[in-house]
Amino acid sequence: MTIAAIIVAAGKGERAGTSLPKQFVTVGGKALLTHAVTALARHPRIERTIVVVAEGQAELAAHALGDILVDAIVIGGAERQQSVAAGMAAIGDARIVLIHDAARPFLPSSVVDRLIAALDTADGAIPALSVVDTLAKVGAKTGEDLGDVVDRNGLIRVQTPQAFRANAIRDAHNRWTGTAATDDAQMARAAGYMVAVVEGHAMLDKITQPADFAEAERKWNQRLISRTGLGYDVHRLATGEDLWLCGVKIDHEKGLSGHSDADVALHALTDALLGALGDGDIGAHFPPSDPQWRGAASHRFVEHAANLIKQAGGVIDHVDVTIICEAPKIGPHRDAMRIAIAGMLAVPITKVSVKATTTERLGFTGRGEGIAAQAAATIRLPEEE
Ligand code: CTP
Ligand code: MG
């Protein structure tokens with residue numbers, strides 16, 4: 001049973017007052033539209049994703065979505081209802097459809113689960129939250145004075161996505177004769193369909209007014225949780241090899257030998273980043289048996305790990321690398337190393353630490369047979385709901 005998702009993003013966003021329509025404004029480094037689409041596209045139950053944008057904004061949308069695959073980008077209408085209808089025309093034979101606002105960027109997967117489950121016994125399902133504030137009308141004396149209090153008992157705040165059996169919502173749209181509807185559930189209900197209410201989520205609040213962006217940014221940051229990864233590596237010192245440490249080539253009588261450029265510090269750093277992500281180690285991503293990594297510049301490994309963190313919606317807060325050797329002296333190269341790593345991770349140099357220590361001439365590092373490196377990485381990743 002195919003489940004499709006429609007993300008409507010064809011509005012003007014007039015109340016938000018941004019120069020670009022709000023769905024293209026970024027929060028946490030990504031457009032609202034991109035957040036909303038990502039949440040639906042990566043949900044395991046959703047197989048088809050349709051994005052609805054205004055005339056002339058398809059390219060803007062495709063650019064904002066980057067490498068996130070959607071099945072179609074279609075053109076919406078002057079009212080939300082028309083935009084939904086345009087999306088409906090593109091869902092094909094899907095039996096269930098979720099209709100979502102791009103202006104609600106953060107969608108916990110648990111809400112999608114609840115909506116789909118509710119369709120076992122209902123034609124439609126909506127997420128909603130209870131109203132906790134006192135509700136009142138604006139008074140008539142000045143237009144800014146307090147009027148009558150409205151009983152909040154039995155009132156709910158309705159959110160999206162709203163899920164429907166496709167036949168039911170198609171029929172409801174066809175039969176709707178009212179004025180512009182701001183959501184689809186009211187149309188389904190007017191056509192006599194049963195719409196279930198499931199628990200919504202505070203993360204789903206819609207971005208409507210200018211101040212909502214700062215609040216969304218705060219929510220986005222709050223859902224990131226801190227994680228730490230450690231890395232350790234050793235390479236043998238040999239004559240006739242180049243010495244690369246932290247992406248900097250150092251003049252020295254010996255260099256490190258290994259399959260790649262043997263930059264022991266960057267290998268430790270790569271493992272620290274992968275460790276924080278919980279995604280294997282450098283050997284799993286770049287098998288030494290694979291000839292394409294022969295002599296490879298190790299900044300590629302670091303960049304790959306940083307990119308995986310970015311793709312997971314994470315941020316790198318800090319990395320700390322320790323190089324363990326008697327020689328060469330690391331101090332004179334420290335800042336060049338920090339700059340090189342900061343470039344690979346696309347973070348400010350203040351987030352990169354490089355340290356060095358000897359082992360008092362003890363052990364393999366003390367005898368100059370090899371160089372060891374340790375690294376720690378602190379990152380923040382989105383919490384799974
Ligand atoms: N929407 C749409 N087509 C329209 C109007 C709205 O696809 N003709 C979408 C918006 O892009 C948004 C969602 O419906 O994702 C909810 O609408 P709303 O928050 O009202 O957005 P806008 O209409 O863009 O904002 P405003 O009303 O402030 O102009
Ligand atoms: Mg609107």
Practice item. Pull up region 112-149, narrow it to residues that are open to solvent by 100 Å² or more (accessible area, probe 1.4 Å) and closer than 30 Å to Glu47 by Cα, then point me to the one that is nearest to the chain's Cα centre (by Cα). Key: Asp120
Review point. Cβ-Cβ below 6 Å, separation at least six or inter-chain, first residue in region 7-26 and more than 24 Å from Ala41 (Cβ to Cβ) and not assigned by TED's automatic domain parsing to the domain that holds Arg48, second more than 6 Å from ligand 1 (Cβ to nearest atom) and open to solvent by less than 40 Å² (accessible area, probe 1.4 Å): which pairs?
Key: none
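How do the helices (runs of 4 or more DSSP H) wholly within region 275-347 filter down when requiring 3 or more residues that are crowded, with 21+ Cβ neighbours inside 10 Å and among the aliphatic types (A, V, I, L, M): which remain?
On the way: elements: 282-285, 299-311, 334-345.
Those helices (runs of 4 or more DSSP H) span 299-311, 334-345.
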**Study point:** Filtered residues of region 12-30 (kept if in contact with a helix residue (DSSP H, G or I) (Cβ under 7 Å, 6 or more places away or on another chain) and within 13 Å of ligand 1 (Cβ to nearest atom))
**Key:** Gly13, Ala16, Lys22, Gln23, Phe24, Val25
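Give region 243-258 a look and list any residue that's open to solvent by 20 Å² or more (accessible area, probe 1.4 Å) and out of contact with any Lys or Arg (no Cβ under 6 Å at 6 or more places or on another chain), or say none.
Initially, region 243-258 is screened for residues open to solvent by 20 Å² or more (accessible area, probe 1.4 Å), giving 244, 247-249, 251-254, 257-258.
Hits for region 243-258 are Trp244, Gly247, Val248, Lys249, Asp251, His252, Glu253, Lys254, Gly258.
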Review point. Quick one: what pairs do we get from region 62-87, first residue closer than 26 Å to Gly29 by Cβ, second part of a strand (DSSP E or B) and not aliphatic (A, V, I, L, M), C-beta under 7 Å, 6+ apart or different chains?
Key: Val70/Thr49; Asp71/Arg48; Asp71/Thr49
Point to revise | Breaking point among (1) out of contact with any Ser or Thr (no Cβ under 9 Å at 6 or more places or on another chain); (2) of a type in the set (A, V, I, L, M, F, W, C); (3) open to solvent by less than 40 Å² (accessible area, probe 1.4 Å), for Ile96 | key: (1)
Check your understanding: What number goes with the only condition from (1) more than 16 Å from ligand 2 (Cβ to nearest atom); (2) within 26 Å of Gln222 (Cα to Cα); (3) not hydroxyl-bearing (Ser, Thr, Tyr) that Leu32 does not pass?
Key -> (1)
Exercise for review: Looking at (1) among the aliphatic types (A, V, I, L, M); (2) more than 10 Å from ligand 1 (Cβ to nearest atom); (3) open to solvent by 10 Å² or more (accessible area, probe 1.4 Å); (4) within 19 Å of Gly76 (Cα to Cα), find the lone condition where Ala54 falls short.
Suggested key: (2)
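State the number of residues belonging to region 348-366 that are without any contact (Cβ under 8 Å) to a residue 40 or more places away in the chain and open to solvent by 50 Å² or more (accessible area, probe 1.4 Å). Even if it seems obvious, please write down each step before you answer.
If we filter region 348-366 for residues that are without any contact (Cβ under 8 Å) to a residue 40 or more places away in the chain, which is where we start, we get 348-353, 355-363.
Still in the list and also open to solvent by 50 Å² or more (accessible area, probe 1.4 Å): 348-351, 355-358, 360-362.
Of the residues in region 348-366, 11 are without any contact (Cβ under 8 Å) to a residue 40 or more places away in the chain and open to solvent by 50 Å² or more (accessible area, probe 1.4 Å).
When you go through Leu69, Leu65, Leu33 one by one, which is the residue that is more than 20 Å from Phe164 (Cα to Cα), open to solvent by 70 Å² or more (accessible area, probe 1.4 Å) and either of a type in the set (A, V, I, L, M, F, W, C) or modelled with pLDDT under 95 (or both)?
Details: Leu65 fails: open to solvent by 70 Å² or more (accessible area, probe 1.4 Å); Leu33 fails: open to solvent by 70 Å² or more (accessible area, probe 1.4 Å).
Exactly one of Leu69, Leu65, Leu33 is more than 20 Å from Phe164 (Cα to Cα), open to solvent by 70 Å² or more (accessible area, probe 1.4 Å) and either of a type in the set (A, V, I, L, M, F, W, C) or modelled with pLDDT under 95 (or both), namely Leu69.
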Point to revise | Residues of region 227-254 that turn out to be in contact with a Ser or Thr (Cβ under 8 Å, 6 or more places away or on another chain), over 20 Å from Asp271 (Cβ atoms) and not in a loop (DSSP other than H, G, I, E, B), as a count | key: 2
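Could you pull out the residue among Leu115, Leu33 that is in the same structural domain as Gln186 (by TED's automatic domain parsing), near ligand 1 (Cβ under 10 Å from one of its atoms) and touching a Leu at 6+ places or on another chain (Cβ under 9 Å)? Explain how you work it out, then say what you get.
On the way: Leu115 fails: near ligand 1 (Cβ under 10 Å from one of its atoms).
One residue alone meets the criteria, Leu33.
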Study note, to complete from the structure: Apart from one, (1) surrounded by fewer than 16 Cβ atoms within 10 Å (Cβ to Cβ); (2) among the small types (Gly, Ala, Ser); (3) within 28 Å of Asn167 (Cα to Cα) all hold for Gly17; the odd one out is (3)
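The values are calculated or read from the model by the stated rules, or taken from the named source; none is laboratory data. Bear in mind the structure is a predicted one, so any value in this text is a computation, not a measurement. Note that we place each Cβ from the backbone using ideal geometry, even for glycine, and neighbour counts take in every protein chain shown. Calculation scope for accessible area: heavy atoms of the full protein, side chains included, ligands and nucleic acids excluded. Shrake-Rupley method; radii C 1.70, N 1.55, O 1.52, S 1.80 Å.
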